[in-house]
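Q: Please read through the structure below; I'll follow up with questions.
The values are calculated or read from the model by the stated rules, or taken from the named source; none is laboratory data. What you are looking at is a predicted structure, and each value in this text was computed from that prediction instead of being measured. All Cβ positions, even for glycine, are placed from backbone atoms using ideal geometry, and neighbour counts span all protein chains on display. Only protein heavy atoms, including side chains, enter the accessible area calculation; ligands, DNA and RNA are left aside. Shrake-Rupley method; radii C 1.70, N 1.55, O 1.52, S 1.80 Å.
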2 protein chains.
Amino acid sequence: MSLEIVSSNKSFGGWHKRYRHRSATLGCDMVFAIYLPPQIEQGAKLPVLYWLSGLTCSDENFMQKAGAQRLAAELGLVIVAPDTSPRGAEVPGDPDGAWDFGLGAGFYLNATEQPWARHYRMHDYVVEELPALVEANFPVSERRGISGHSMGGHGALVCALRNPGRYLSVSALAPISHPTQCPWGEKAFSRFLGEDRSKWREWDASLLLAEASERLPMLVDQGDRDDFLATQLKPEALQAAAKASGHPLTLRLQPGYDHSYYFIASFIDDHLRHHAAALS
Amino acid sequence: MSLEIVSSNKSFGGWHKRYRHRSATLGCDMVFAIYLPPQIEQGAKLPVLYWLSGLTCSDENFMQKAGAQRLAAELGLVIVAPDTSPRGAEVPGDPDGAWDFGLGAGFYLNATEQPWARHYRMHDYVVEELPALVEANFPVSERRGISGHSMGGHGALVCALRNPGRYLSVSALAPISHPTQCPWGEKAFSRFLGEDRSKWREWDASLLLAEASERLPMLVDQGDRDDFLATQLKPEALQAAAKASGHPLTLRLQPGYDHSYYFIASFIDDHLRHHAAALS
């Protein structure tokens, strides 16, 4: 597994770098971004926060717009941002060219249906292949946190809930909390997983949370002026599941905030501190 | 002069808003962005920092990528980011469609040559029309600072140097410091101002600085791994002019940094504090 450097920018005394590599899991070339804080040059192995982005994003959106590097540099946190789907000419996208399925919209699951099953295995890529690659090529520890926004918030919650012990911290901003019961999730799951809804359960954070054995504290922020709140995001399902199972969830409804990166940037510091407290 | 709201996002307790308006100076519709920190709702008139962006940018780049809102919210600074040129079907661009002249590349001057003279009057727009509009429509004071990046750094320095008393603070990141002696400036000035180089002098920060009457302290940051440093930016000309005229210039060469927004974000807080100290 070799890495090809795509770009490199000094940032807050550390480095923002982008790499291309061949992904065996996804059967295509992938690009990811990594923020290496200045402490990386002092030899100690640093913890890694994985950030999963939302629909239409690539590895670039978070690194350009969230403003996370300032505090990550202070806290000594490495941040890794993968792409949001497999990419390339050989990867099928939405048949109608829509932005909410396929390319840029992999939903961080392992597809079982054709023609998606060959490439759309973002869960295994994010949970297994990418951390192995990062841990083999950078001076990082195996202390991992995971977070994300919208579709990536769904991804972060599901990756943590499905893999007890793999992450020491988890959080999300405006996650798709109950994808089996919203239009984005129903469209994606019916194609990736087929029409048998019983197979969807294992990719729904609210359903997984109700049965979770691990008690990893969750921080979730949600803007109350988010256009997708009622139809797509449904944090109340996550809250009900946490209450029923006694899971420690801090869900904060942020008045006036929408679904944009202006919302993410406003609260990213709280998330970084949440992760650093568990990872450092 | 009426304002039409384009978008509004809550950001760090304040608001990022975009407005469209008809510009009499430029003879076209223009969009600008404004960050209103949370203190705006407390009634006191706040100072305004004008940010001028670089080649190819619009009002959006700085607001999305610089990460300035966090500290602006803390300091109580309004930030206004105009577009980088006149826009619209009636506005001529580069005859060859290049990105370094015309649309997205107005160079913050008043053109005298045809076909540019009708619309390309970005200096008067930035210095006169836009502040008048902002001061008439928002609870801001007449305490103004100005800053910018690359072509916008040139613009900020020239606007301040040409208009003593109009700004209480000035700074720049990687400015085009001596445009009469670099390819970007020579291309733009020869078209906007004609081939008589004696008319270029009044739009060159290094030449203006040598004769400046006002002693406004200047903060300039420049990355030493900036690909444009030697050919286009030439901060040494600015430094020589400041030394010759005894002007207070703090020029910092930042090791390892390039020309990107990763550089801007890394040092924007220092610039906001520089302005706030003079404006508050």
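Q: State in Å² the accessible area per residue of segment A:67-188; use a 1.4 Å probe, count heavy atoms of protein chains only, and round to the nearest integer. Working shown, then result.
A: Details: 3450 Å² over 122 residues.
For segment A:67-188, the solvent-accessible area averages 28 Å² per residue.
Q: How many percent of all Cα-Cα pairs in segment B:71-221 sit more than 28 Å apart? Don't jump to the answer; show the numbers that get you there.
A: Numbers: 2098 of 11325 pairs.
That tail contains 19 percent of the Cα-Cα pairs.
Q: Which residues of segment A:52-95 bury at least 50 Å² of accessible area once all protein chains are present, versus their chain alone (1.4 Å probe)?
A: Residues meeting the cut-off: A:GLN64, A:LYS65, A:ARG70.
Q: If you don't mind, there's one more thing I want to ask. Between B:GLU74 and B:SER141, what is the spin-label point distance in nm, taking each point 7 Å from the Cα along the Cα→C-beta axis?
A: Each label point is offset 7 Å from its Cα along the Cβ direction, giving 2.1 nm.
Q: Ignoring ligands, DNA and RNA, what percent of the accessible area of segment B:155-250 is carbon or sulfur (1.4 Å)? Walk me through the numbers on the way to the answer.
A: On the way: 1850 of 3770 Å².
After summing per-atom areas, the C and S share lands at 49 percent.
Q: Please tell me the relative contact order of segment B:163-274 in percent, rounded to the nearest whole number, where contacts are Cα pairs under 8 Å and at least six residues apart. All intermediate terms of the calculation are to be shown ahead of the outcome.
A: Values: 166 pairs, mean separation 36.4, N = 112.
That works out to 32 percent.
Q: Still on this structure, I have one more. Counting pairs of alpha carbon atoms under 8 Å apart in space and at least six apart in sequence, what relative contact order in percent does segment B:4-279 give? Kindly include the intermediate steps, with their values, before the conclusion.
A: On the way: 636 pairs, mean separation 46.8, N = 276.
Computed value for segment B:4-279: 17 percent relative contact order.
Q: Going 7 Å from Cα along the Cα-Cβ axis for the label, what nanometre distances separate A:GLU142 from the same residue across the other copies?
A: Those label-point separations list as 6.8 nm.
Q: Evaluate the charge dipole of chain B about its Cα centre and quote only its size in Debye, nearest 20, assuming +1 on the Cβ of each Lys and Arg and -1 on the Cβ of each Asp and Glu. Show your work: numbers first, answer last.
A: Numbers: 26 positive and 32 negative charges, 110 e Å.
Computed charge dipole of chain B: roughly 520 debye.
Q: Rounded to the nearest angstrom and ordered from largest down, what semi-axes does the equivalent ellipsoid of segment A:149-280 get from its C-alpha gyration tensor (root of 5λ)?
A: Semi-axes, largest first: 22, 19, 12 Å.
Q: Same structure, new question: If you look for lysine pairs in chain B that are eight or more places apart or on different chains, how many of them have Cα atoms under 25 Å apart?
A: The number of close lysine pairs in chain B is 10.
Q: Report, by chain and number, residues whose modeled amide H sits under 5 Å from the one on A:VAL6, excluding near sequence neighbours (fewer than 5 apart, same chain).
A: A:ARG18, A:TYR19, A:ARG20
Q: Further, regarding this structure: Express in nm, to one decimal, how much length is gained between A:ALA244 and A:GLU202 on full extension, taking 0.36 nm for each residue of separation and deducting their alpha carbon distance.
A: Working: separation 42, 0.36 × 42 = 15.12 nm, distance 1.79 nm.
Result: 13.3 nm gained on full extension.
Q: Scan chain B for the residue whose Cβ is closest to the axis carrying it onto chain A, then write down that distance in whole angstrom.
A: B:GLY67, 2
Q: A follow-up question, please. Give me the dipole magnitude in Debye, nearest 20, for the protein assembly as shown about the Cα centre, with unit charges on the beta carbon: positive for Lys and Arg, negative for Asp and Glu. Provide the component values of the computation, followed by the final result.
A: On the way: 52 positive and 64 negative charges, 178 e Å.
Dipole of the protein assembly as shown, to the nearest 20 debye: 860 debye.
Q: A further question on this structure: Specify which residue in the list B:PRO164, B:PHE101, B:LEU26 is farthest towards the positive end of the charge dipole of chain B, using unit charges on the beta carbon of Lys, Arg (+1) and Asp, Glu (-1), about the Cα centre.
A: B:PRO164
Q: Evaluate peptide B:6-14: per residue, the Cβ atoms of other protein chains within 10 Å of its Cβ; return the mean as an integer.
A: Details: counts 0, 3, 4, 12, 12, 9, 5, 4, 3.
Rounded to a whole number, the mean comes out at 6.
Q: Turning to a different aspect of this structure: Give me the tail of P(r) for chain B as a percent: Cα-Cα pairs with distance above 29 Å.
A: Values: 10248 of 39060 pairs.
Cα-Cα pairs of chain B separated by over 29 Å account for 26 percent.
Q: Calculate for chain B the 222 nm mean residue ellipticity that helices alone would give, adding -39,500 (n - 2.57) per DSSP H run of length 4 or more and normalising by residue count, nearest 500 deg cm²/dmol. Provide the component values of the computation, followed by the final result.
A: Values: 8 runs with 79 residues, N = 280.
Rounded to the nearest 500, the figure is -8000 deg cm²/dmol.
Q: Then there's this: Considering only B:MET151, B:MET218, B:MET122, give the residue with the highest GNM mean-square fluctuation for chain B, with springs between Cα atoms whenever their separation is below 10 Å.
A: Comparing B:MET151, B:MET218, B:MET122 in the GNM, the peak value goes to B:MET218.
Q: Please find the FRET efficiency linking B:GLU214 to A:ARG215, where r is the Cβ-Cβ separation and R0 is fixed at 60 Å, and quote it to the nearest 0.05. Working shown, then result.
A: Values: r = 63 Å, r/R0 = 1.05.
Efficiency computed from Cβ-Cβ geometry: 0.40.
Q: Mind listing the long-range amide H neighbours of A:LEU49? Cut-off is under 5 Å, sequence gap 5 or more, other chains count too, H placed in the peptide plane at 1.01 Å from N.
A: It is A:VAL78, A:ILE79, A:VAL80, A:GLY145, by chain and number.
Q: Once the mean 1/r over all distinct Cα pairs of the protein assembly as shown is inverted, what Kirkwood radius in angstroms do you read off? Write out the running numbers ahead of the final one.
A: Numbers: mean 1/r = 0.0401 Å⁻¹.
Evaluated on the protein assembly as shown, it is 24.9 Å.
Q: Through the Karplus equation 6.51 cos²θ - 1.76 cosθ + 1.60, θ set to phi - 60°, convert the phi angles of segment B:180-195 into ³J(HN,Hα) values in whole Hz; use x for Gly and Pro.
A: After applying 6.51 cos²θ - 1.76 cosθ + 1.60, I find 5, 10, 9, x, 4, x, 5, 4, 5, 5, 5, 7, 5, 10, x, 7 Hz.
Q: Going 7 Å from the Cα of B:SER2 in the Cα-to-Cβ direction, what parts of segment B:127-163 have a backbone nitrogen less than 18 Å from that spot?
A: Under 18 Å, as judged by backbone N against the label point of B:SER2, lie B:133-134, B:136-138 of segment B:127-163.
Q: By per-residue mean of other Cβ atoms within 10 Å, what is the highest-first order of A:195-201, A:46-52, A:185-191? Mind showing how you got there, number by number?
A: Values: A:195-201: 12.6, A:46-52: 26.0, A:185-191: 19.9.
My ranking of the peptides, most packed first, is A:46-52, A:185-191, A:195-201.
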